[in-house]
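Encoded as structure tokens, the structure appears first; notes follow it.
The values are calculated or read from the model by the stated rules, or taken from the named source; none is laboratory data. Computed from a predicted structure; not experimentally measured. Cβ placement follows ideal geometry from the backbone for every residue including glycine, while neighbour counts extend to all protein chains displayed.
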Amino acid sequence: MSNSFGYLDIILLGMIAGFIILRLRSILGRKTGHESKVYPNFAEKKFNMPKNEVKTVSQNLEILEGKDKKEFLRGAEIAYESILTSFANGDLIKLKSLLSNNMFSNFSEAIKSRNKEGIKSEFTFVGVKESSVEKYEKIKDNLFATVKFVAEVISVKKDKNNKIIEGNPDKIKFVTDNWKFTKNIKQKGPNWYLSEIISK
């Protein structure tokens, strides 16, 4: 009896398996080997994934406050150091990227005059002690920001005979400058340019 039940179980399981295979084939279909490797729906449709869109808040160019002010001052301090160092080294290429056309012309003439007289400039930038925006305004498409810098530097000028004519190589001195930077909002890029050195 146990043998007959064993055969019946095998036959029954075989029938169930055959039924399942037939059902799967009818639902999924047969693979003939000529199917497209790209599913037509994916090729024809562009699926737009849901995006967590972050609304960009347009900057109010009429004021300079908060994070924008901090970033501006950080950039202004870097520009201040670069301009002073580049001027001392006579690096016109670097100055060109940091100055307005009028200021570049003034700096170029000063460097040429210095070279003509054989004056050497030795300069060490120690660091900015303080910087602040003294004035900010928007005039049409141009932004203007006047920055007060208080910095420590070592500056020495020597004549063609290598004699010191100005400054002290062993003394750090404090300098206070008021520089006016400008930027055209229609021009691409984030660059501000030194447009004026204000004498006080």
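Testing Val153 on (1) of a type in the set (A, V, I, L, M); (2) in contact (Cβ under 8 Å) with a residue 12 or more places away in the chain; (3) not in a strand (DSSP E or B), one condition comes back false. Which one is that?
(3)
Would you confirm, using the coordinates I've provided, whether Glu152 is loosely packed, with under 14 Cβ neighbours inside 10 Å and assigned by TED's automatic domain parsing to the domain that holds Phe72?
Judged against the criteria, Glu152 is not a match.
Quick one: in the stretch 87-109, which of the residues that are small (Gly, Ala, Ser) and within 20 Å of Ile154 (Cβ to Cβ) is surrounded by the fewest Cβ atoms within 10 Å (Cβ to Cβ)?
That would be Gly90.
Output yes when any residue across the stretch 59-66 is charged (D, E, K, R), modelled with pLDDT under 95, under 30 Å from the mean Cα position of the chain (by Cα) and outside any loop (DSSP other than H, G, I, E, B), and no when none is.
Checked the stretch 59-66: no residue is charged (D, E, K, R), modelled with pLDDT under 95, under 30 Å from the mean Cα position of the chain (by Cα) and outside any loop (DSSP other than H, G, I, E, B).
Right, Ile154: at pLDDT 95 or above, out of contact with any helix residue (DSSP H, G or I) (no Cβ under 8 Å at 6 or more places or on another chain) and not polar (S, T, N, Q) or not?
yes
Could you please find all residues in the stretch 71-91 being out of contact with any strand residue (DSSP E or B) (no Cβ under 7 Å at 6 or more places or on another chain) and over 20 Å from Gly189 (Cβ atoms)?
Result: Phe87, Asn89, Gly90, Asp91.
When the stretch 169-200 is examined, which residues are found to be aliphatic (A, V, I, L, M) and part of a loop (DSSP other than H, G, I, E, B)?
Ile172, Ile185
For Glu71, are the conditions met, namely being within 25 Å of the chain's Cα centre (by Cα), acidic (Asp, Glu), modelled with pLDDT under 95 and not in a loop (DSSP other than H, G, I, E, B)?
So Glu71 passes the test.
Confirm whether Glu166 is surrounded by fewer than 18 Cβ atoms within 10 Å (Cβ to Cβ) and part of a strand (DSSP E or B).
Here the answer is yes, as Glu166 does meet what is asked.
So Ser108 fits all but one of (1) in contact with a Leu (Cβ under 9 Å, 6 or more places away or on another chain); (2) part of a strand (DSSP E or B); (3) farther than 19 Å from Gly75 by Cα; what number is the exception?
(2)
Do you know which of the residues in the stretch 110-129 that are among the β-branched types (Val, Ile, Thr) and within 21 Å of Tyr193 (Cβ to Cβ) is surrounded by the fewest Cβ atoms within 10 Å (Cβ to Cβ)? Give the steps one after another, and end with the answer.
Taking the stretch 110-129 and keeping what is among the β-branched types (Val, Ile, Thr), we get 111, 119, 124, 126, 128.
Retained after the next criterion (residues that are within 21 Å of Tyr193 (Cβ to Cβ)): 111, 128.
On the way: Ile111: 19, Val128: 16.
This residue is Val128.
Go through Gly167, Gly118, Gly127 for me and flag whichever is in contact with a Ser or Thr (Cβ under 8 Å, 6 or more places away or on another chain) and on the phi > 0 side of the Ramachandran plot.
Only one candidate passes the filter, namely Gly167.
For every residue, the table says whether it meets (1) without any contact (Cβ under 8 Å) to a residue 24 or more places away in the chain; (2) over 30 Å from Lys120 (Cα atoms).
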residue	(1), (2)
Asp141	no, yes
Lys157	no, no
Glu166	yes, no
Gly189	yes, yes
